[in-house]
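Beneath this line is the structure, given in C-alpha cells, with notes to follow.
The values are calculated or read from the model by the stated rules, or taken from the named source; none is laboratory data. Bear in mind that the values here come from a model prediction, so they are computed numbers and not experimental data. Reconstructed Cβ throughout: ideal geometry from the backbone, glycine too, with neighbour counts over all protein chains shown.
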Amino acid sequence: MSSQIQLALIDDEQLILEGVKMLLSNEKNISVCLTADNGPDFIEDLGKLSKDEFPDIALVDVQMKPMNGFELVEILKEKYPDLKIIILSSHYKTSILGYMVKLGVSAFLPKNSNKKTFIEAITMVDKNGVFFTAEDHQMLFTYMNSSAKKKSLFETEDELSEREKDVVKLICQELTNNEIGEKLFISPRTVESHRQRILEKIGAKNTVGIVIYAIVNNIYSLEKI
C-alpha cells in the first residue's frame, strides 16, 4: 500500500486541473493519479485502473457537462462506495451542503479555499473520512435547528437503541470494530452487525453518513470533530 494519498481530479476547467496539480506538486504525501474534464470519461478511466492504481479520494467539481458533479457522485457512490469524495465548487450554499450530506460526500470546499484548508481537507478526509470547515459547522447547526430539514436528511422509522448509540459515538471517534468491541465488551462481529443495522435504520450509505446523523441528532458533539 502506498504511503501517499492518491487523488483524482475531475473538473471541466483545464486551468483548475492544472492549478490543483501545481498546488499539490510539492506535497510529499499527496499524489494526483488521475485527471478528467468530464464525468463519463472519469468513470470509464476509473474502470480501467487496478486496485493499486485506484484513487483514495476524488475531488469533484459541481458544475460540469454533460454530467454534473452530483450526478457523478451518485454513480461513484453506487459503484465505488469506499471512494472518498470532496466536492469543489464556487456555489457554497446550505442546500448544497444538505445534498452533499445525503450523498455521503466527505467534504465540501469552495474554490476560493486557501492552500492550508485545501491540504488539511484532503489529509483529514483520508484519515477520518470527513472534514468540516467552520462554515460547514454553522450550516449543520442550521440543519439541526430545522426539524423539516433533519427529517429530509435521515428518514427512519426505528429509533436507535442505547447500545447502537454507544456504537455510533465510538464510530465518530474513529475507532475500529476491534477497538469498539473492546470498549463495549462485545465481539468485532457483533460490532459489525450493529454498524450494518445502524446504516439500515438511518438510511445512510457509509461511515460518513453515520457521523452526520450523529451530529444532526445530537448524539455526538460537533465540537469534537
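Rundown of residues vs (1) assigned to a helix (DSSP H, G or I); (2) modelled with pLDDT of 70 or more; (3) touching a helix residue (DSSP H, G or I) at 6+ places or on another chain (Cβ under 9 Å); (4) not small (Gly, Ala, Ser), yes/no style:
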{"position": "MET124", "(1), (2), (3), (4)": "yes, yes, no, yes"}
{"position": "TYR143", "(1), (2), (3), (4)": "yes, no, yes, yes"}
{"position": "LYS151", "(1), (2), (3), (4)": "yes, no, no, yes"}
{"position": "LYS165", "(1), (2), (3), (4)": "yes, yes, yes, yes"}
{"position": "ILE171", "(1), (2), (3), (4)": "yes, yes, yes, yes"}
{"position": "GLU179", "(1), (2), (3), (4)": "yes, yes, yes, yes"}
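Counting only helices (runs of 4 or more DSSP H) that sit completely within the stretch 16-107, those holding 1 or more residues that are within 22 Å of PHE131 (Cα to Cα), modelled with pLDDT of 85 or more and among the basic types (Lys, Arg) correspond to 69-79. Just give me the residues in the stretch 22-36 being surrounded by fewer than 17 Cβ atoms within 10 Å (Cβ to Cβ) and over 21 Å from the mean Cα position of the chain (by Cα), in sequence order. Across the stretch 22-36, the qualifying residues are MET22, LEU23, SER25, ASN26, LYS28. Just so you know, in the stretch 166-209 the residues that are small (Gly, Ala, Ser) and in contact (Cβ under 8 Å) with a residue 40 or more places away in the chain include one that is surrounded by the fewest Cβ atoms within 10 Å (Cβ to Cβ), and it is GLY203.
Taking first residues from the stretch 47-74 that are farther than 16 Å from ILE85 by Cβ and partners that are outside any loop (DSSP other than H, G, I, E, B), no Cβ contact under 6 Å between residues at least 6 apart in sequence or on separate chains turns up.
For the stretch 169-223, residues that are more than 23 Å from LEU83 (Cα to Cα) and polar (S, T, N, Q) total 5.
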